[in-house]
Protein chains: 2
Amino acid sequence: MSAVAVATTSPAPDTRQRLIDAAITLFIRHSFAGTSLQMIADELGFTKAAIYHHFRTREQLLTAVLEPIIDRLTAVVDDAERQRGVHARADRMLNGYARLAVESPMLISVLASDPSVHTVLKSNREWTQMISRQMTLLADVHPGPGGFIRAQFVFAGIAGSADPKRNADDDWLHRELVDAGRRALGLRTPRRTS
Amino acid sequence: MSAVAVATTSPAPDTRQRLIDAAITLFIRHSFAGTSLQMIADELGFTKAAIYHHFRTREQLLTAVLEPIIDRLTAVVDDAERQRGVHARADRMLNGYARLAVESPMLISVLASDPSVHTVLKSNREWTQMISRQMTLLADVHPGPGGFIRAQFVFAGIAGSADPKRNADDDWLHRELVDAGRRALGLRTPRRTS
């Protein structure tokens, strides 16, 4: 069950939400570029016309898939940027990203690991800027090119460790990922974690 | 330029190698599932018949793309398993994987980050076993489920940090990646690095 599905309040998800949930499952299995609207129609036993009623193109559907997780990521970035000090900002960013990866592993995987999604992301200026801010928050811990590599390493490490089929407790996994990220960045464990 | 292209000795790569190189470029851009044989033919100005002469299916082409990097990865795993002590084995595995990621970032990206490739990998018993051995070499540093998470984190971190378009020196990037991996795993820097 995806976090998006959990967020709906109606007892049965509406058609639009069912399309989004089916798209996420197929994007994970075949990548975005490898998933046609026809495949999503087949998965749900819908006609293609039923999909067209909600999404005219595959890109529109991808945008509907990504927008909620990008909004949540933007809120994490905004919050982290408000902290005082480079280390506190990095730690808040790390905590928030790990939380998203634990709660919505499929969405983080689509966002961070799918090369065909990366191509679409790069064409959206607002999204590119948000990802650059996210990266800077960790990279600033070590000024210079080494800091950027470490930031990339940590985000990719977290995104790649969030297994949707895992059997682990959310809070335990979150602690493990934050801990690995802190060590990779050389951040001390703060006395009071957020 | 891919490591595979470098490995050929003829001044101009032969048709089979050109197909493999074009496939790697398109897999990075569109993912494996999003790349048709027709797209590869178009990229090179070939007919589809010219491709069929070398590869009957897209899966055959993927196998030809992956086999060299999987062979090199298997050699790294074999070598790491011959070291004495859990930490020495993990360090050798980490060094070797980072070296492959630095030298062949596109191939490591196809191998480690493409969800549609992951589906194909899982269907090959020999490849699944090699990946499990690779994972165990790092996970053994911390027995228990936490060790497995850290191993996943480090492999995903390295694969995700190897940017084919980077401007960085290979040896510098290798040191940065090994360093980040050692810190994430809690491995000491050995006195004499291999």
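Being modelled with pLDDT of 95 or more, within 14 Å of another protein chain (Cβ to nearest Cβ) and crowded, with 21+ Cβ neighbours inside 10 Å holds for only one residue in A:Leu111, A:Leu94, and it is A:Leu94.
Do we have A:Gln83 as part of a helix (DSSP H, G or I) and out of contact with any Ser or Thr (no Cβ under 6 Å at 6 or more places or on another chain) here? Answer is no for this residue. For B:Met106, the test of being within 11 Å of chain A (Cβ to nearest Cβ) and part of a helix (DSSP H, G or I) is passed.
A quick yes/no check of all residues on (1) part of a helix (DSSP H, G or I); (2) small (Gly, Ala, Ser); (3) more than 9 Å from chain A (Cβ to nearest Cβ); (4) buried (at least 17 other Cβ atoms within 10 Å of the Cβ):
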residue: B:Glu126; (1), (2), (3), (4): yes, no, yes, no
residue: B:Gln129; (1), (2), (3), (4): yes, no, yes, no
residue: B:Arg133; (1), (2), (3), (4): yes, no, yes, no
residue: B:Leu138; (1), (2), (3), (4): yes, no, yes, yes
residue: B:His142; (1), (2), (3), (4): no, no, yes, yes
residue: B:Arg150; (1), (2), (3), (4): yes, no, no, yes
residue: B:Ala159; (1), (2), (3), (4): yes, yes, no, yes
residue: B:Trp172; (1), (2), (3), (4): yes, no, no, no
residue: B:Arg183; (1), (2), (3), (4): yes, no, no, yes
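Of all residues in the stretch B:68-96, those that are without any contact (Cβ under 8 Å) to a residue 60 or more places away in the chain and among the hydroxyl-bearing types (Ser, Thr, Tyr) have Cβ atoms under 6 Å from Cβ atoms of residues that are in a helix (DSSP H, G or I) and surrounded by fewer than 21 Cβ atoms within 10 Å (Cβ to Cβ), 6 or more apart or on another chain, in B:Thr74/B:Met130.
The values are calculated or read from the model by the stated rules, or taken from the named source; none is laboratory data. The structure presented is a predicted model; accordingly, all values stated were derived computationally and were not measured. Cβ atoms come from the backbone with ideal geometry, glycine included; neighbour counts cover every protein chain shown.
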